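Since the structure comes first, as structure tokens, the remarks are kept for the end.
Please treat every number below as a calculation from the coordinates, not as lab data. No experiment lies behind these values; they were computed from the predicted model shown. In this analysis, Cβ positions are derived from the backbone assuming ideal geometry, glycine residues included, and neighbour counts consider all displayed protein chains.
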Amino acid sequence: MHQIQCEECRELTPSYEIIHYGSMEDGYRQLCTRCYNAEVAARCELDDFEHIELEPVMMLDKKGVEHVFHFRTRLFGTGVGIDAFEIRDGVPGGYQFSVIGDPQGELLSLLGRLIEKMRRSLSVMYLEDTDLGVQIAGDNGIVRGRIEWDETSDINTPALIIDGREIAWDEFGRMLMSFEGFQFKLEIHDRSDDV
Ligand SMILES: [Zn+2]
């Protein structure tokens, strides 16, 4: 796992927990999440904000496959966000979830909302493995997922993360061909929205 030293507390920290924080005038520093939250809390006078280090949790998806989620809490003045994510090859990948709440509010109730969202999502699968390869499951014709950058592609095409799996754009196109002649509706939502 790629680690970077926090310029405040000197702790070696996984790179996904490091934030470039600062301004053009004062310069930027690489801070771990804890030190970053402390700086933002001080700057925004959020004296009551208490950073909580959340231990990873394991959850089962609909097929009984284990998923280990790591958490990251970030303060940003007007809000506080908690992300839950899996680690693939040392970096966040697979399922990812976010919630945003009031920085003066109770962090644990925000975490409760996030866990609820994760449970709901893991209890549904949008894809199924068939003899003809991966297909869109069910007959309600809905797929939920996340748009990411496909770093294996030479051209700028997305990779889709559906059921925590990376699905190449071409692969998704192939799945859609089972519905040739059908109509579709595409909706795009913020990463922290409930959809
Ligand atoms: Zn630090």
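Data for the structure
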quantity: Paramagnetic label zone (point 7 Å from Cα along Cα-to-C-beta, D190; backbone N under 13 Å) in region 102-136; calculated: 102
quantity: Expected 222 nm ellipticity per residue - DSSP helices of 4 or more, -39500 (n - 2.57), all of the chain, to 500; calculated: -5500 deg cm²/dmol
quantity: Angle between the chain longest axis and helix 33-43 axis [Cα atoms, degrees, rounded to 10]; calculated: 60
quantity: Counted charge near L54, where neighbours are those whose Cβ lies closer than 11 Å (Asp, Glu -1; Lys, Arg +1); calculated: -2
quantity: Distant-in-sequence amide H partners of T13 (H built 1.01 Å from N, under 5 Å); calculated: I4, Q5, C6
quantity: Trypsin sites (Lys or Arg not before Pro), loop per DSSP, at most 15 other Cβ atoms within 10 Å - longest free stretch of the chain; calculated: 64-143
quantity: Relative contact order (%) - the chain, alpha-carbon pairs under 8 angstrom, separation at least six; calculated: 12
quantity: P(r) weight above 12 Å for region 105-150, C-alpha pairs, percent; calculated: 73
quantity: Exposed-loop-free span, longest in the chain, where GluC sites (Glu not before Pro) count as exposed if DSSP calls them loop and at most 16 other C-beta atoms lie within 10 Å; calculated: 54-105
quantity: Radius of gyration, Dmax [region 3-122; alpha carbons; angstrom]; calculated: 15.3, 52
quantity: Net charge dipole size for the chain [Lys, Arg +1 and Asp, Glu -1 on Cβ; Debye, nearest 20]; calculated: 320
quantity: FRET efficiency, 1/(1 + (r/R0)^6) with R0 30 Å, evaluated for I52 and I147 via beta carbons; calculated: 0.50
quantity: Solitary cysteines of the chain, where the nearest other Cys Cβ is not under 4.7 Å; calculated: C9, C35, C44
quantity: Phi to ³J(HN,Hα) by Karplus 6.51 cos²θ - 1.76 cosθ + 1.60 over region 166-173, Hz, x for Gly, Pro; calculated: 7, 10, 5, 4, 5, 4, 5, x
quantity: Spacing of the two label points (7 Å from each Cα toward its C-beta) at C9 and D131, in nm; calculated: 5.6
quantity: The chain: most fluctuating residue of Y28, Y36, Y95 per GNM, C-alpha cutoff 10 Å; calculated: Y28
quantity: Residues whose placed amide H lies under 5 Å from that of I167, excluding near-sequence neighbours; calculated: L160, I161, I162
quantity: Distance between region 57-113 and region 129-195 - C-alpha centres, whole angstrom; calculated: 22
